[in-house]
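See structure below.
The values are calculated or read from the model by the stated rules, or taken from the named source; none is laboratory data. Just so it is clear, the structure is predicted and the values come from calculations on it, not from any experiment. All Cβ positions, even for glycine, are placed from backbone atoms using ideal geometry, and neighbour counts span all protein chains on display. The accessibility values were calculated without ligands, DNA or RNA, using every heavy atom of the protein model including side chains. Shrake-Rupley method; radii C 1.70, N 1.55, O 1.52, S 1.80 Å.
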Amino acid sequence: MTSDIAAILAIDGIATGAVYALVAIGTVLIFTVTRVIFIPFGDIAAFTALTLAALDAKRFPGTGALVVILACLATLIEIVSLLRNGERRQLPRALFFYLALPLAVVGLASLTMRADPPLAIRLVLALMLITPISPLLDRIVFRPIADGTVLLLLTVSVALHFALVGLGLLFFGPEGVRTEPLTSLSTELAGVLISGQTMLIVIAALVFSGLLYLFFDFTLVGKSLRATAVNRTGSRLMGIRPARAGTIAYLLGSLMAGVSGILIAPVNTIFYDSGFLLGLKAFVGAIVGGMTSYPGAAIGAVGVGILESFASFESSALKDVIVFSLLIPILIWRSLASLHSEEEIEE
């Protein structure tokens, strides 16, 4: 391996790691607020890439039908819950947020597609269609068991991933897609050519990391989310609604998954089930940060990307084995370095 090859592999690894960083940060965000290790995060990113590819081909994506089905299910569950608790006054609000808004997004996207919109509008449409999915899944799947143990939430999250893979095959089909690069610009650094797409990926990871830092440290909503993560019962006593905090976390996480899917689609062929490996590799990076630190998750994810790049050069068949083997020493190190306490289960 020459120094030139090593430099190319390093840049490629940083670009891939930046995508993993976005997914890892989103995974940590959802976990710290809701205690859910959101395994389907990678599936949401893959669905975004498939959605954008369908829009580029002037076809209305299956994401629209998926959002409509999820919106109807979430609305039905919310109505039943409100009627059981005697909160009939909340019905109009539930109908607006869980049914009217998602259907309005789908309708707006359908109308806009008839005008053959430019790339920038298609990107916005893809993000608009994908953003409601995570909050709707939260209302359907996770909120009824929000006070369960982390192990229960993880088990349900894994089951949800397999359900989404089946839905992805149903709504998007088995064909792989690769979208056009968002920019054709390129630059040369130390004799190595860097594409504009790579620069966009790295910049997006840095921008989202900075925005999340500012959001959690300097805004009232961010501090409320952090309080919910520390103590759900205490946050309720302070007037913070954990359910609303979870919805905000899922909205932000869904947006980050959407950006990840848009950025990775031009450099990788995406299938309906491609999200699993993407999410799992990002999860390895998140583990480095202890599932609590955004900078730690980002650094770990970039490290995973660099390791994967060099491992693929040495042995393409074993690159995934090498990456996932990192979990063993990292988990052992985390187990030895962390203070252990019995999990508190809220009544």
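Quick notes
- Filtered by the rule that a residue be within 13 Å of Thr34 (Cβ to Cβ) and outside any helix (DSSP H, G or I), region 215-242 gives a lone residue, Arg241.
- Ile37 being within 24 Å of Ala163 (Cβ to Cβ) and either open to solvent by 10 Å² or more (accessible area, probe 1.4 Å) or at pLDDT 90 or above (or both): yes
- In region 294-330, residue surrounded by the fewest Cβ atoms within 10 Å (Cβ to Cβ) [restricted to those that are at pLDDT below 75 and closer than 28 Å to Thr34 by Cα]: Leu327
- Failed item in (1) within 24 Å of Val177 (Cα to Cα); (2) over 17 Å from the mean Cα position of the chain (by Cα), with Gly275 passing the rest: (2)
- Long-range neighbours under 7 Å by Cβ, at least six apart or interchain, first residue without any contact (Cβ under 8 Å) to a residue 12 or more places away in the chain within region 307-327, second of a type in the set (Ser, Thr, Tyr) and open to solvent by less than 50 Å² (accessible area, probe 1.4 Å): Lys319/Ser312
- Any chance Phe31 is part of a helix (DSSP H, G or I) and either within 19 Å of Phe215 (Cα to Cα) or open to solvent by less than 10 Å² (accessible area, probe 1.4 Å) (or both): yes
- Single residue of Ala57, Ala163, Ala74 found to be in contact (Cβ under 8 Å) with a residue 24 or more places away in the chain and among the hydrophobic types (A, V, I, L, M, F, W, C): Ala74
- Val230 aliphatic (A, V, I, L, M), open to solvent by 40 Å² or more (accessible area, probe 1.4 Å), within 21 Å of Gly26 (Cα to Cα) and at pLDDT 75 or above: no
- Scanning region 259-267 for residues that are farther than 30 Å from Trp333 by Cα, touching a Leu at 6+ places or on another chain (Cβ under 8 Å) and open to solvent by 50 Å² or more (accessible area, probe 1.4 Å) turns up nothing.
- Any chance Ala245 is in a helix (DSSP H, G or I), closer than 30 Å to Thr51 by Cβ and either touching a Ser or Thr at 6+ places or on another chain (Cβ under 6 Å) or open to solvent by 30 Å² or more (accessible area, probe 1.4 Å) (or both): yes
Listed here are the residues, each with its yes/no results for (1) aromatic (Phe, Trp, Tyr); (2) touching a strand residue (DSSP E or B) at 6+ places or on another chain (Cβ under 8 Å).
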| site | (1), (2) |
| --- | --- |
| Ile5 | no, no |
| Ile8 | no, yes |
| Gly13 | no, no |
| Thr16 | no, no |
| Ala24 | no, no |
| Thr32 | no, no |
| Val36 | no, no |
| Phe41 | yes, no |
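- Residue within region 169-179 that is aliphatic (A, V, I, L, M), surrounded by 19 or more Cβ atoms within 10 Å (Cβ to Cβ) and within 22 Å of Ala71 (Cα to Cα) present: no
- Note on region 195-220: residues that are surrounded by fewer than 19 Cβ atoms within 10 Å (Cβ to Cβ) and β-branched (Val, Ile, Thr) total 3.
- Residues that are surrounded by 18 or more Cβ atoms within 10 Å (Cβ to Cβ) and of a type in the set (Gly, Ala, Ser) number at least 2 in the following helices (runs of 4 or more DSSP H) confined to region 45-155: 63-84.
- Of all residues in region 114-160 being of a type in the set (S, T, N, Q) and touching a residue at least 24 places away in the same chain (Cβ under 8 Å), the one that is farthest from Leu29 (Cα to Cα): Thr149
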